[in-house]
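The values are calculated or read from the model by the stated rules, or taken from the named source; none is laboratory data. Keep in mind that this is a model prediction, so the values were computed, not measured. Cβ placement follows ideal geometry from the backbone for every residue including glycine, while neighbour counts extend to all protein chains displayed.
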Amino acid sequence: MVEDKTQQVAEAEARFLTGENFYSQHFLGCHKQKDERFIFRVWAPNAQQVWLVGDFNDWADSLPMQRREESGVWEIQTSQANVGDLYKFKVRQASGREVFKIDPYAIFFEKRPHDAAVVYDLKPKKWQDGLWMGRKKRSNQFKRPMNIYEVHASSWRQHEDGTPYSFADLTRELIPYVKELGYTHIEFMPLMEHPLGMSWGYQLIGYFALSSYYGTPEEFQEFVETCHLNNIGVLVDWVPGHFCINDDTLPYYDGTPTFEYEDPDRAKNIRWGSLNFDLGKPQVQSFLISSALFWIEVYHLDGIRVDAVSNMLYRDYDEGPWTPNHEGGNRNFEGYYFLQKLNAVIKLAHPETIMVAEESSSDTKVTGMIESGALGFDYKWNMGWMNDVLRFYEMDPIYRKDHFNLMTFSFMYMMNENYILPLSHDEVVHGKKSLMHKMWGDRYKQFSQLRNLFTYMIAHPGKKLLFMGGEWGQFLEWKYDHGLEWVDLADSMNKQMQHFTTTLNHLYKNEKALWEQEDSWDTIEIIDADNTDDCVLSFIRQGKTKKDFLVIVLNLAPVERQNFAIGVPYPGTYTEVLNTEMAAFGGTWTKANPDCQTLDIAFKDQPYQIQTILPALGALIIKPTAINTRKPAKKTTKAKVNHKKTPAANQSGKNN
């Protein structure tokens, strides 16, 4: 039995060294043994000596660790440690300098600003979400609705004394809220341990540890399970590109480049004041891929959003000096192949897991099959769409006709990747203003345009993401250390905006035409994208059957359009199912437009037309309710989107 255990450890060690141990947390870190002792292991290959120090030995040098010569892993078994004790490793580095270091594989830390690891015995959970997990495996995520509510865990809501909600609190309040508003998924900004709240969680130290600032691992497991029982998926941001520079954490762990690149220019991340992982080092690959699988399996996560992919793909992404690769270019081959390996491993183990890339360039195919040269992600954030439309909605309408391509350019490349349309946290901080504040005009017009923008996002092909607070039009920028401005909802216009978002979200979930074919050009047909004088955009979202489609009309000018002609493909009756200017949503309309009967008059490339009133700065969604799809259409060429892929998918969104 002892020999078998020894053999297992040797095999785990060998796989760690070759970058193939994707469960390296079972080998390294702190683990309780059957005899109630704990074993501690840490990788510090160039250290002269390592000691285990903690509450249990008064942080003294009484517990020297032994070096495993094969790997540079140091280990010790002790009966002195107990659950709940704090600990670190004291490392005599290659230079002889002695420094206290965290356990990179710890699954829990003391509350910041302190960063000692906690001896923790996380018991296997008996999950009750089997129905959700089974349904997820059987369904095709690309043909399902995905409308994500992005959350910063400690600032969604806070207690009266300013302390953040724990995940036990969020289970009671966030989940019912998200369910009522009709979102399908929650995405959290990083939940892993980080020492400074100002980093929003993007400067990590603990890649296996839920931040103790948010509660316990068990509380987060209960949160995810409750989400699943309420048909809500959970995604979490993850940061494998760079890590916190604090000296007692991962940097130069044994006094030499350990987790970071040997080249100091490649190791240093000037833009974010951090260090870049050496993504070509096998041990680092084992560490990071193990972290991703740990979060997916231990917490039943439905997906991971990989942050700052451009930083991993391009040597010249940062602001400092850079060295070309062996081919003379800027491609970071280590990062490129690491990301392919990451996705291959996760998809082999959990094909249903949603893998999302936050990537702002157009030089690398991000989504799609690895065999075709893509990175293997399921989705990519469409930063170009986001930048273009926000520029447009901020613009005085008098200039919009000259910049109408900002609204329509995404139609040229929308099938180049599988996209998520993000209105994320990055757009409502650092003086950029909130979404509501970005909108042109007085307060009434700002609400009108925010409803218009949300309608465009929901109707445009691609999955959706909205940062918290945007759903009711919070006017102030997001503050990471304050709760959202819930007091806004005492104002009728904010409350009506929230009601609109809820209505729109539920319409999105219920209308298959908005998602069941969105991975195909068949999902959309442009009616009129050239009406720059009126600033009106119209298009069709098509479901699988002929009768299942929606007509989307966006009036982007502060002028009501009477008897406005809209092209449609079939004769019959069309009913308005959404009018963003209804009084219930904060508009001025008390009655919806009456049903429209088609006129036997062609409109552009459509054989028929309907006529209706377009509200100023309003959007309409119109649905056929009694049409004849068998009646021969007139001989006319249907409008098609230009399917030619542009060499740079969207230059306006590149490297933003």
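Residue check: is Glu36 acidic (Asp, Glu), over 23 Å from Pro64 (Cα atoms) and without any contact (Cβ under 8 Å) to a residue 60 or more places away in the chain? Even if it seems obvious, please write down each step before you answer.
Working: acidic (Asp, Glu): yes; over 23 Å from Pro64 (Cα atoms): no; without any contact (Cβ under 8 Å) to a residue 60 or more places away in the chain: yes.
It is false that Glu36 is acidic (Asp, Glu), over 23 Å from Pro64 (Cα atoms) and without any contact (Cβ under 8 Å) to a residue 60 or more places away in the chain.
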* Structure fact -> Flagged pairs (Cβ under 6 angstrom, 6 or more apart or on separate chains; first in the range 85-104, more than 17 Å from Tyr207 (Cα to Cα) and at pLDDT 95 or above; second among the hydroxyl-bearing types (Ser, Thr, Tyr) and assigned to a loop (DSSP other than H, G, I, E, B)) are Ala94/Thr256
* Asked: Is it the case that some residue within the range 534-545 is free of Cβ contacts under 8 Å to residues at least 12 places away in the same chain, surrounded by fewer than 22 Cβ atoms within 10 Å (Cβ to Cβ) and either among the aliphatic types (A, V, I, L, M) or more than 18 Å from Lys464 (Cα to Cα) (or both)?
  -> yes
* Considering only residues that are among the aromatic types (Phe, Trp, Tyr) and surrounded by fewer than 24 Cβ atoms within 10 Å (Cβ to Cβ), look in the range 28-62 and name the one that is nearest to the chain's Cα centre (by Cα). => Phe38
* To do: Please specify each residue of the range 173-196 satisfying the condition of being surrounded by 21 or more Cβ atoms within 10 Å (Cβ to Cβ), of a type in the set (A, V, I, L, M, F, W, C) and assigned to a loop (DSSP other than H, G, I, E, B).
  => Met189, Leu191
* With the condition kept exactly as written, say whether any residue in the range 474-483 is surrounded by fewer than 24 Cβ atoms within 10 Å (Cβ to Cβ) and either in a helix (DSSP H, G or I) or at positive phi (or both). => no
* Asked: Out of all the residues in the range 228-245, which are in contact with a Leu (Cβ under 9 Å, 6 or more places away or on another chain) and either of a type in the set (A, V, I, L, M, F, W, C) or part of a loop (DSSP other than H, G, I, E, B) (or both)?
  -> Leu229, Val234, Leu235, Val236, Trp238, Val239, Pro240, Gly241, Phe243, Cys244, Ile245
* Considering only residues that are at pLDDT 95 or above and assigned to a loop (DSSP other than H, G, I, E, B), look in the range 606-653 and name the one that is surrounded by the most Cβ atoms within 10 Å (Cβ to Cβ). => Leu617
* Pick from Thr532, Thr502: which is touching a helix residue (DSSP H, G or I) at 6+ places or on another chain (Cβ under 6 Å) and not assigned by TED's automatic domain parsing to the domain that holds Val551? -> Thr502
* **Residues (among the aromatic types (Phe, Trp, Tyr), closer than 30 Å to Ser199 by Cβ and more than 17 Å from the chain's Cα centre (by Cα)) located in the range 132-166** => Tyr165
* **Candidates Leu450, Leu476, Leu423, filtered to the one that is in contact with a helix residue (DSSP H, G or I) (Cβ under 9 Å, 6 or more places away or on another chain) and within 18 Å of Trp381 (Cβ to Cβ)** => Leu423
* Inspect the range 313-332 for any residue being under 30 Å from Tyr183 (Cβ atoms) and either among the charged types (D, E, K, R) or not in a helix (DSSP H, G or I) (or both) and give the result as yes or no. => no
* Give the residue that is farthest from the chain's Cα centre (by Cα), with candidates limited to residues of the range 566-581 that are over 18 Å from Asn452 (Cα atoms) and surrounded by fewer than 18 Cβ atoms within 10 Å (Cβ to Cβ). => Thr573
* Taking the stated definitions as given, is Leu406 assigned to a helix (DSSP H, G or I), closer than 18 Å to Phe539 by Cα and aliphatic (A, V, I, L, M)? -> yes
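Any residue in the range 165-172 that is crowded, with 21+ Cβ neighbours inside 10 Å and part of a helix (DSSP H, G or I)?
Yes.
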* To do: Could you list all residues from the range 197-209 that are over 22 Å from Trp478 (Cβ atoms) and not in a loop (DSSP other than H, G, I, E, B)?
  => Gly206, Tyr207, Phe208, Ala209
* Asked: Which of the residues spanning the range 134-164 are part of a helix (DSSP H, G or I) and surrounded by 15 or more Cβ atoms within 10 Å (Cβ to Cβ)?
  -> Lys136, Gln141, Phe142
* **Filter result (of a type in the set (A, V, I, L, M, F, W, C), part of a loop (DSSP other than H, G, I, E, B) and farther than 25 Å from His350 by Cβ) within the range 246-296** => Leu250, Phe259, Ile270, Trp272
* Taking only the range 204-228 into account, find how many residues are touching a residue at least 60 places away in the same chain (Cβ under 8 Å) and either among the polar types (S, T, N, Q) or touching a helix residue (DSSP H, G or I) at 6+ places or on another chain (Cβ under 7 Å) (or both). => 10
* Asked: Can you find a residue in the range 63-70 that is surrounded by fewer than 19 Cβ atoms within 10 Å (Cβ to Cβ) and either among the hydrophobic types (A, V, I, L, M, F, W, C) or within 38 Å of the chain's Cα centre (by Cα) (or both)?
  -> no
* To do: Restricting attention to the range 492-533, report how many residues are more than 26 Å from the chain's Cα centre (by Cα), closer than 18 Å to Ala584 by Cβ and in contact (Cβ under 8 Å) with a residue 60 or more places away in the chain.
  => 3
* Of all residues in the range 105-133 being surrounded by 19 or more Cβ atoms within 10 Å (Cβ to Cβ) and touching a helix residue (DSSP H, G or I) at 6+ places or on another chain (Cβ under 7 Å), the one that is nearest to Phe223 (Cα to Cα) -> Trp132
* Asked: Has the range 331-339 got any residue that is in contact with a Phe, Trp or Tyr (Cβ under 8 Å, 6 or more places away or on another chain) and at pLDDT below 95?
  -> no
* Asked: Is there a residue being under 26 Å from His506 (Cβ atoms), in contact (Cβ under 8 Å) with a residue 40 or more places away in the chain, surrounded by fewer than 18 Cβ atoms within 10 Å (Cβ to Cβ) and touching a Leu at 6+ places or on another chain (Cβ under 9 Å) anywhere in the range 582-604?
  -> no
